[in-house]
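To start, the structure itself, in structure tokens.
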Amino acid sequence: MVLLESLSLELGSKMPPFSLQDPFLNKHHSTDLMGDNGLAIFFTCNHCPYAIAIWDRSLSFAKKAQNIGINTVAINPNINPAYPDDSPEAMKQKITSDNIIFPYLVDEKQDIAQLYKAQCTPDIYLLKSDMSLFYHGRLDDNWQDPDAVSKEELWNAAECLSTDKAAPQPQFPSMGCSIKWVN
């Protein structure tokens, strides 16, 4: 496991639209996923301990964010034969067992992760409804212990976005396992 941090990206940058399938072969397009106030994107997977540690908090975030017009999507870029725990079949099981309420998509060719310059799992983005980058950072200030969280940074950014406030600063990078690039 190689520990990486997310890259620092310029806020306001237009992020590319995408169209991906979930493991049940339903197609999802970013324009259809977008909420009235924005879209949170989690590049994540099933096996990385950093991603595993925040899955429950990601689900809680998604429920709260939906109430303020921000939708959530997870994208798995680790479709790599060396990591069967991240296969589409394993994703189906996770969706069911964890009752994931938002689309969990397969980035089989890893194109979307590359376009977004995703580095690790989790790598988290919050986009405005025009697909411009509003927040790129960590979920909160303690990935290891939910009880020790004192700042819910993604939630703070979502509230700022939904109320037309400036993006919060500073934005601290997310960190996690490196994406398992095929090439």
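What follows draws every value from the coordinates through simple rules; no lab data is involved. These figures come from a predicted structure and were not determined experimentally. Cβ coordinates were reconstructed from backbone atoms using ideal geometry, including for glycine residues, and neighbour counts include every protein chain displayed.
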query: Hey, among the residues in the range 47-73 that are in contact with a Cys (Cβ under 9 Å, 6 or more places away or on another chain) and not in a helix (DSSP H, G or I), which one's surrounded by the most Cβ atoms within 10 Å (Cβ to Cβ)?
result: Cys48
query: If you scan the range 19-32, which residues turn out to be more than 18 Å from Asp123 (Cα to Cα) and not in a loop (DSSP other than H, G, I, E, B)?
result: Ser19, Gln21, Lys27, His28, His29, Thr31, Asp32
field: Every residue from the range 86-105 that is of a type in the set (Asp, Glu) and surrounded by 15 or more Cβ atoms within 10 Å (Cβ to Cβ)
entry: Asp86
task: Look at the range 1-18 and say how many of its residues are over 15 Å from the mean Cα position of the chain (by Cα) and outside any loop (DSSP other than H, G, I, E, B).
output: 3
